[in-house]
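Participant: Can you read through this structure? Questions will come right after.
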Amino acid sequence: MRKNKRINKKIHKLAHGECRICGENDYAVLDVHRIIEGKNGGKYDYMNTVVLCANCHRKVHDKQLEIDKYYLCSNGKHMLRVFVDGLEKFI
């Protein structure tokens, strides 16, 4: 199970290649964040994970940045609903 989790995280980082918030593309500082936490049943799957750099990931855990969830747009793309300093934006 743990090996599969590492493989899924690595594939996700390689596939997206940059932080979804700021655009950082240094693979060494990228991480995969679960939108719904593992303790609440969140899995490392496509619709529950987002690639973030270490800085943005820290901001999420420090509550400076809040990631709500993915929404399907009319063009078929998935957008993240994010709150930065209380302001809503879609990325």
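The values are calculated or read from the model by the stated rules, or taken from the named source; none is laboratory data. Because the structure is a prediction, the values reported are computed rather than measured. A quick note on method: Cβ atoms are made from the backbone with ideal geometry, for glycine too, and the neighbour counts reach across all protein chains shown. Keep in mind that these areas ignore ligands, DNA and RNA; they rest on the heavy atoms of the full protein, side chains included. Shrake-Rupley method; radii C 1.70, N 1.55, O 1.52, S 1.80 Å.
Participant: Please list, or write none, the lysines whose alpha carbon is within less than 24 Å of the alpha carbon of LYS10, excluding same-chain residues fewer than 8 places away.
Facilitator: LYS39, LYS43, LYS59, LYS69, LYS77
Participant: Pop out the ³J(HN,Hα) list for segment 41-53 in order, Karplus 6.51 cos²θ - 1.76 cosθ + 1.60 with θ = phi - 60°, rounded to Hz; leave Gly and Pro as x.
Facilitator: Listing the rounded values in order: x, x, 10, 8, 10, 4, 8, 10, 10, 9, 7, 10, 6 Hz.
Participant: Which parts of segment 60-86 would a label at GLU37 reach, counting a residue when its backbone N lies under 13 Å from a point 7 Å out along Cα-to-Cβ?
Facilitator: 61-63
Participant: Using Cα centres only, tell me the gap between segment 55-86 and segment 16-46 in whole Å.
Facilitator: Their Cα centres are 11 Å away from one another.
Participant: Just grab the label-to-label distance for HIS61 and LYS10, each label 7 Å out from Cα along the Cβ direction, in nm (one decimal).
Facilitator: 2.2
Participant: In nm, what is the difference between 0.36 nm times the number of residues separating LEU72 and ASP85 and their Cα-Cα distance?
Facilitator: Values: separation 13, 0.36 × 13 = 4.68 nm, distance 2.39 nm.
My answer for the length gained is 2.3 nm.
Participant: Through the Karplus equation 6.51 cos²θ - 1.76 cosθ + 1.60, θ set to phi - 60°, convert the phi angles of segment 28-35 into ³J(HN,Hα) values in whole Hz; use x for Gly and Pro.
Facilitator: For segment 28-35, the Karplus-derived couplings read 5, 9, 7, 9, 10, 10, 8, 5 Hz, x marking Gly and Pro.
Participant: Among the GluC sites (Glu not before Pro) in segment 1-75, which ones are in a DSSP loop with at most 15 other Cβ atoms within 10 Å of the Cβ? Mind listing them?
Facilitator: Qualifying residues, ordered by number: GLU37.
Participant: Roughly speaking, to the nearest percent, how much of the chain's 1.4 Å accessible area is carbon and sulfur?
Facilitator: Ligands and nucleic acids excluded, carbon and sulfur reach 50 percent.
Participant: Pairing the Cα long axis of helix 2-16 with the longest principal axis of the chain, what angle in degrees results, from 0 to 90 and rounded to the nearest 10?
Facilitator: Its long axis makes an angle of about 50 degrees.
Participant: Summing -39500 (n - 2.57) over the DSSP H runs of n ≥ 4 in the chain and dividing by its residue number, what mean residue ellipticity at 222 nm do you reach, to the nearest 500 deg cm²/dmol? Please report the intermediate quantities before stating the final value.
Facilitator: Values: 2 runs with 23 residues, N = 91.
Taking each H run of at least 4 residues, the total per residue is -8000 deg cm²/dmol.
Participant: Please report the accessible area of ILE67 (heavy atoms, 1.4 Å probe, ligands and nucleic acids excluded) in Å², nearest 10.
Facilitator: We get 20 Å² for ILE67.
Participant: Another question, if that's okay. Once you charge only the Cβ atoms, +1 for Lys and Arg and -1 for Asp and Glu, what is the size of the charge dipole of the chain about its Cα centre, to the nearest 20 debye?
Facilitator: Here the chain has a charge dipole of around 540 debye.
Participant: I need the P(r) histogram for segment 18-91: all alpha carbon pairs, bin width 5 Å from 0 out to the longest distance, whole percents.
Facilitator: 3, 16, 25, 28, 19, 7, 1
Participant: Based on DSSP loop calls and a cut-off of at most 12 other Cβ atoms within 10 Å, the longest stretch of the chain free of exposed trypsin sites (Lys or Arg not before Pro) is what?
Facilitator: The segment 1-62 is the longest one with no such site.
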